[in-house]
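Worksheet: the structure to be examined is printed underneath.
The values are calculated or read from the model by the stated rules, or taken from the named source; none is laboratory data. Because the structure is a prediction, the values reported are computed rather than measured. Here the Cβ is made from the backbone with ideal geometry for all residues, glycine too, and neighbour counts use every protein chain on show.
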Amino acid sequence: MLKRLALTTALTLTMAFSAQAQEPRRGGTIRFTAPYAASFVSNDSHVSNQVQDEIYGYALHRTLYKWDSTNNKPVLELAKSVTASADGTVHTFKLRDDALFHNGRKMTADDIIWSFTRLMDPTKNYPGAAYVRRVKGAQEFQKGEAKEISGLKKIDDFTLEITLIEKADPGFLFRTALTSIFPAKEAQEPDFFNKPIGLGPYKFVEHVPGSRMVLERWEKFYQTGKPYADKVVISPMGEAAARDIAFRNKEIDVSILGPTQYVAYQADPNLKKGILEVAEVFTRNMGMNPNFKPFSDKRVRQAINHAIDSDLIIKRLVRDKAYRATGWLPLSSPAYDKDMKPYDFNPEKAKKLLTEAGYPDGFEFEWTATPNESWGVPIVEAVIPMLAKVGVKVKVKPVEGSALGGIVAKGDYQAYIWSNTSGPDPLTQMKCFYSQTPQSACNYTTYKNPAVDKLIDEAAATDDVAKRIDLLKKANGIVYEDAPVWFFNYNKAVMAYQPWLKGLQPNATELALQYFEDLWVDASSPAAK
Amino acid sequence: MLSYVFRRLLQAIPILLAVAALIFLLFSVIPGSFASSQMADGRTVMDAEAVTRMNQQFGLDQPVATRFVKYIGQLVTLDLGTSFRTRQPVWHLIAERLWPTLQLAFASMLFAIAIGVPLGFLAALRPGSWIDMVSMVAAVSGLSLPKFWLGLMLMYLFALTLGWLPSFGYGDGAMKNLILPSIALGVAPLALLARTTRASVLEIMNADFVRTARSKGMSERRVVQWHLARNALVIVLTTVGLQFGSVIGQAVVVEKLFAWPGLGSLLVDSVSLRDIPVVQGCILVIVLFFLLVNMLVDVLAAIIDPRIRYT
């Protein structure tokens with residue numbers, strides 16, 4: 001595991017170094033792909049929670065914070081500095097005074113307040129509301145009990161005070177394109193979203209729904225000398241096989257690879273040179289419902305973890321495009337515990353644990369799964385004979401991807417298999433195992449353990465970052481021991497890129513999300529002119 | 001004729017309402033909702049409160065019967081509702097996707113007619129010959145080829161290997177972008193047209209009026225032109241009509257594969273995200289086209305063949 005991590009880091013650093021070693025070239029077109037199934041939802045970045053839409057949002061818009069992929073943490077973007085109150089709830093931002101919208105108007109605190117207030121519009125249910133609701137008064141505003149969000153206060157045009165309802169790092173709240181800052185006055189014009197403007201490095205040119213989004217360089221972007229390319233064209237291409245041909249045909253500059261293509265690209269000496277791998281913050285797991293009697297016993301859940309040969313499945317089915325999970329928090333989490341060992345594949349031990357739990361002959365359960373190749377029915381089918389060897393029978397309940405979340409959030413399952421976000425903020429993620437977190441709000445296995453609660457409370461209260469990380473590591477360790485889920489793997493995101501594309505960032509939150517101002521193409525690109 | 005057209009249009013109304021009811025009921029019973037689809041990526045958390053708010057916003061908290069009455073009421077006023085995910089009117093979304101789908105459907109049918117009909121004719125005029133054998137084997141193959149696989153093979157050959165055409169995308173709607181998806185979509189109707197044409201020509205060749213024409217000394221060219229072609233055309237035209245309606249529906253796979261911005265890809269996206277108003281709107285528009293094209297075909301058939309009379 002450590003070898004793999006070291007290799008990934010080395011690859012990333014090598015790539016970053018080689019990109020830095022060359023002088024960025026201005027001009028040309030970056031031909032990016034949005035590799036997931038759906039088209040862009042609309043030109044309004046606030047309405048969609050899909051990664052697809054966030055991809056163009058990173059070119060067109062800006063947020064209060066951005067994700068620093070190299071150091072794996074959020075950093076200020078639209079503010080120059082921030083100071084926090086002693087209790088960690090009031091954050092005063094000194095905003096940039098050089099951030100211009102694409103119509104040339106300077107961004108002020110009013111634009112941020114308006115954008116965040118828009119996200120809490122009670123009639124719209126914007127997905128970004130999940131972040132802004134942590135601001136004091138936001139929930140009251142959403143319920144119609146207040147006319148404005150009390151926790152958003154303009155001190156002057158370039159000073160903004162944000163009061164949160166509890167101590168939290170605002171960097172984890174206001175960094176995604178879902179909380180993009182729109183121009184307050186202009187965005188209220190009826191035809192604004194026909195040609196939206198933002199604060200990002202590229203201006204909107206056109207959107208052909210289902211086909212492409214075209215953006216061009218914003219000359220007055222606040223980062224001097226950036227962006228480098230003249231144009232960015234982003235094409236939604238959900239079909240992996242079609243994307244593969246387009247990539248090999250040099251029509252696109254990047255492609256996200258699935259397990260099958262990962263093997264093929266690694267086997268090709270030329271394609272192999274352009275592969276970026278990142279341990280993303282997603283943990284693939286089988287959640288077990290404690291209301292289903294056998295799963296209420298920790299020994300049964302541990303037995304499941306011992307009965308499955310996870311390494312074999314990762315190697316054969318996932319084609320090594322994953323890292324073995326050794327806890328909930330993934331490799332790229334600051335609270336990842338490198339000393340933790342995975343459950344060993346030990347059917348004898350599993351059998352013994354089942355016998356101790358009162359199931360010497362095993363039992364049968366229903367496993368809800370989607371068709372997903374990396375964490376769905378194909379994986380379940382591989383696990384079935386392994387569990388059968390210890391007497392546990394599985395009845396597969398196939399469901400569509402769009403139905404799984406609702407089923408799990410309602411607790412309408414005995415077991416499910418899913419890929420859940422497990423970062424980047426370890427505190428937020430460990431709260432999914434906090435007893436007071438409702439099942440619908442990510443405590444999907446209704447996990448309860450007073451020791452974990454105590455550690456999470458202490459982690460949330462401390463200002464000492466190292467201590468917080470240590471507390472969360474301990475909480476993660478207890479959760480692992482309690483085994484509310486089968487800890488399967490952490491996703492290894494793989495991006496293939498053309499040799500002429502430079503400046504890619506190893507973004508562990510989602511590799512497809514790239515800050516386009518750092519990307520550039522050298523003269524060998526077919527779209528260099 | 002006008003009264004016939006009017007009557008056919010009136011007949012389309014209950015069909016459309018029945019389809020609308022069917023889609024509505026289907027999406028009321030299948031698992032999953034727009035709210036749950038938002039969680040599909042494993043990143044988004046939708047707590048119970050957010051789900052309730054979302055269901056209220058879209059009226060999904062109301063009983064199915066109430067929603068159905070409201071939906072039919074909207075439909076009667078030609079209001080297809082508002083998309084859950086884009087918050088835009090469904091008509092607007094369909095309008096911006098309709099032209100690319102029609103482009104694709106027309107191009108694929110043009111390809112199918114241009115090759116399929118002459119091929120079927122040639123095969124029928126020389127039954128048992130190598131042309132007949134080859135064309136019919138090709139027709140059967142064309143009908144059996146999965147569009148997804150065929151599309152990939154076309155991309156591989158014409159884009160990656162030969163470098164003649166782009167492998168994906170709409171471009172500016174230019175011909176070079178249209179060729180590969182049109183072929184991928186047009187091969188199945190081509191095969192069907194070839195078989196139908198062959199069968200109908202063979203049948204007509206043995207008809208009494210053709211024998212009479214030949215016995216009266218009419219030249220073979222005139223027999224083919226005036227009797228065979230004209231009579232076979234009615235059947236071919238009916239097949240074209242049915243196939244035109246079908247290709248709009250079948251475009252779903254091809255549009256997704258080639259990143260073609262049509263109704264098909266909008267429909268797929270909307271189904272997976274349970275954007276029910278858009279799904280309903282797309283299917284209704286596809287059905288409407290199917291009905292209209294078939295009505296047009298019936299009218300054209302009457303013009304071509306004076307024996308057909310619609311009352």
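Can you find, within the stretch B:100-110, the residue that is nearest to the chain's Cα centre (by Cα) among those that are away from chain A (no Cβ under 11 Å) and under 30 Å from A:Val51 (Cβ atoms)? Break it down into steps so the answer makes sense when it comes.
Start the filter on the stretch B:100-110 by keeping residues that are away from chain A (no Cβ under 11 Å), which leaves B:102-110.
Next, from what is left, pick out any that are under 30 Å from A:Val51 (Cβ atoms): B:103-104.
Numbers: B:Gln103: 12, B:Leu104: 10 Å.
Residue satisfying both the conditions and the ranking: B:Leu104.
With the requirement that a residue be touching a Pro at 6+ places or on another chain (Cβ under 9 Å), more than 22 Å from A:Tyr515 (Cα to Cα) and among the aliphatic types (A, V, I, L, M), what does the stretch A:225-260 give you?
A:Ala240, A:Ala246
Only one of (1) buried (at least 20 other Cβ atoms within 10 Å of the Cβ); (2) at the interface with another protein chain (Cβ under 7 Å from one of its Cβ atoms) fails for B:Asp47. Which number is that?
That leaves (1) as the condition not met.
Looking at B:Val278, B:Val253, which one is within 12 Å of chain A (Cβ to nearest Cβ) and farther than 23 Å from B:Gly186 by Cα? Before the answer, list the steps.
On the way: B:Val253 fails: farther than 23 Å from B:Gly186 by Cα.
Among B:Val278, B:Val253, only B:Val278 is within 12 Å of chain A (Cβ to nearest Cβ) and farther than 23 Å from B:Gly186 by Cα.
Residue pairs, Cβ under 7 Å, 6 or more apart or interchain, first in the stretch B:33-44 and facing chain A (nearest Cβ under 7 Å) and crowded, with 24+ Cβ neighbours inside 10 Å, second assigned to a loop (DSSP other than H, G, I, E, B) and among the polar types (S, T, N, Q). List them.
Close Cβ pairs (under 7 Å, with a partner that is assigned to a loop (DSSP other than H, G, I, E, B) and among the polar types (S, T, N, Q)) amount to B:Gln38/A:Asn49; B:Gln38/B:Thr44.
Quick check, is A:Asn270 on the phi < 0 side of the Ramachandran plot, free of Cβ contacts under 8 Å to residues at least 40 places away in the same chain, in contact with a Leu (Cβ under 6 Å, 6 or more places away or on another chain) and polar (S, T, N, Q)? Spell out the reasoning first.
Working: on the phi < 0 side of the Ramachandran plot: yes; free of Cβ contacts under 8 Å to residues at least 40 places away in the same chain: yes; in contact with a Leu (Cβ under 6 Å, 6 or more places away or on another chain): no; polar (S, T, N, Q): yes.
No: the conditions fail for A:Asn270.
Need the failing condition index for A:Ile407 against (1) of a type outside the set (S, T, N, Q); (2) farther than 23 Å from A:Lys315 by Cα; (3) touching an Asp or Glu at 6+ places or on another chain (Cβ under 8 Å), just the number.
The single condition A:Ile407 does not satisfy is (3).
Report whether or not B:Val76 is surrounded by fewer than 21 Cβ atoms within 10 Å (Cβ to Cβ), without any contact (Cβ under 8 Å) to a residue 40 or more places away in the chain and β-branched (Val, Ile, Thr).
Spelling it out, B:Val76 is indeed surrounded by fewer than 21 Cβ atoms within 10 Å (Cβ to Cβ), without any contact (Cβ under 8 Å) to a residue 40 or more places away in the chain and β-branched (Val, Ile, Thr).
What's the number of the only condition in (1) under 13 Å from the mean Cα position of the chain (by Cα); (2) at the interface with chain A (Cβ under 8 Å from one of its Cβ atoms); (3) surrounded by fewer than 24 Cβ atoms within 10 Å (Cβ to Cβ) that B:Leu288 fails to meet?
Status for B:Leu288: all satisfied but (2).
Are any residues in the stretch A:156-201 among the aliphatic types (A, V, I, L, M) and either closer than 14 Å to A:Thr92 by Cα or assigned to a helix (DSSP H, G or I) (or both), and if so, which ones? If you could, list the steps in order and put the result at the bottom.
Taking the stretch A:156-201 first, the residues among the aliphatic types (A, V, I, L, M) are A:160, A:162, A:164-165, A:168, A:173, A:177-178, A:181, A:184, A:187, A:197, A:199.
Selection gives A:Leu160, A:Ile162, A:Leu164, A:Ala168, A:Ala177, A:Leu178, A:Ala187.
Are there any helices (runs of 4 or more DSSP H) wholly within the stretch A:345-423 with 3 or more residues that are away from chain B (no Cβ under 14 Å), and if so which?
A:347-356, A:377-388
Can you report the number of residues in the stretch A:77-108 which are surrounded by fewer than 20 Cβ atoms within 10 Å (Cβ to Cβ) and not in a loop (DSSP other than H, G, I, E, B)?
Adding up the residues that qualify gives 10.
Keeping to the stretch A:459-469, report how many residues are farther than 16 Å from A:Thr89 by Cα and either charged (D, E, K, R) or not in a helix (DSSP H, G or I) (or both).
Qualifying residue count for the region: 2.
Tally the residues that are among the basic types (Lys, Arg) and out of contact with any Phe, Trp or Tyr (no Cβ under 9 Å at 6 or more places or on another chain), restricting the search to the stretch B:60-76.
Residues that pass the stated criteria total 1.
If we scan the stretch B:297-311, do we find a residue that is at pLDDT 85 or above and part of a helix (DSSP H, G or I)?
No, because not a single residue in the stretch B:297-311 is at pLDDT 85 or above and part of a helix (DSSP H, G or I).
Scan the stretch A:205-241 for residues that are at the interface with chain B (Cβ under 7 Å from one of its Cβ atoms), among the aliphatic types (A, V, I, L, M) and not in a strand (DSSP E or B) and jot them down.
A:Met237, A:Ala241
Only one of these is at pLDDT 90 or above, under 22 Å from the mean Cα position of the chain (by Cα) and of a type outside the set (Ser, Thr, Tyr): B:Ile72, B:Ile113. Name it.
That would be B:Ile113, the only listed residue that is at pLDDT 90 or above, under 22 Å from the mean Cα position of the chain (by Cα) and of a type outside the set (Ser, Thr, Tyr).
Please give the number of the condition B:Arg85 fails out of (1) assigned to a helix (DSSP H, G or I); (2) surrounded by 17 or more Cβ atoms within 10 Å (Cβ to Cβ); (3) under 27 Å from the mean Cα position of the chain (by Cα).
Among (1) assigned to a helix (DSSP H, G or I); (2) surrounded by 17 or more Cβ atoms within 10 Å (Cβ to Cβ); (3) under 27 Å from the mean Cα position of the chain (by Cα), B:Arg85 violates only (1).
Please pick out the residue among A:Ile181, A:Ile162, A:Ile197 that is surrounded by 15 or more Cβ atoms within 10 Å (Cβ to Cβ), under 30 Å from A:Asn507 (Cα atoms) and in contact with an Asp or Glu (Cβ under 6 Å, 6 or more places away or on another chain).
Numbers: A:Ile162 fails: in contact with an Asp or Glu (Cβ under 6 Å, 6 or more places away or on another chain); A:Ile197 fails: in contact with an Asp or Glu (Cβ under 6 Å, 6 or more places away or on another chain).
A:Ile181 is the lone residue from the list that is surrounded by 15 or more Cβ atoms within 10 Å (Cβ to Cβ), under 30 Å from A:Asn507 (Cα atoms) and in contact with an Asp or Glu (Cβ under 6 Å, 6 or more places away or on another chain).
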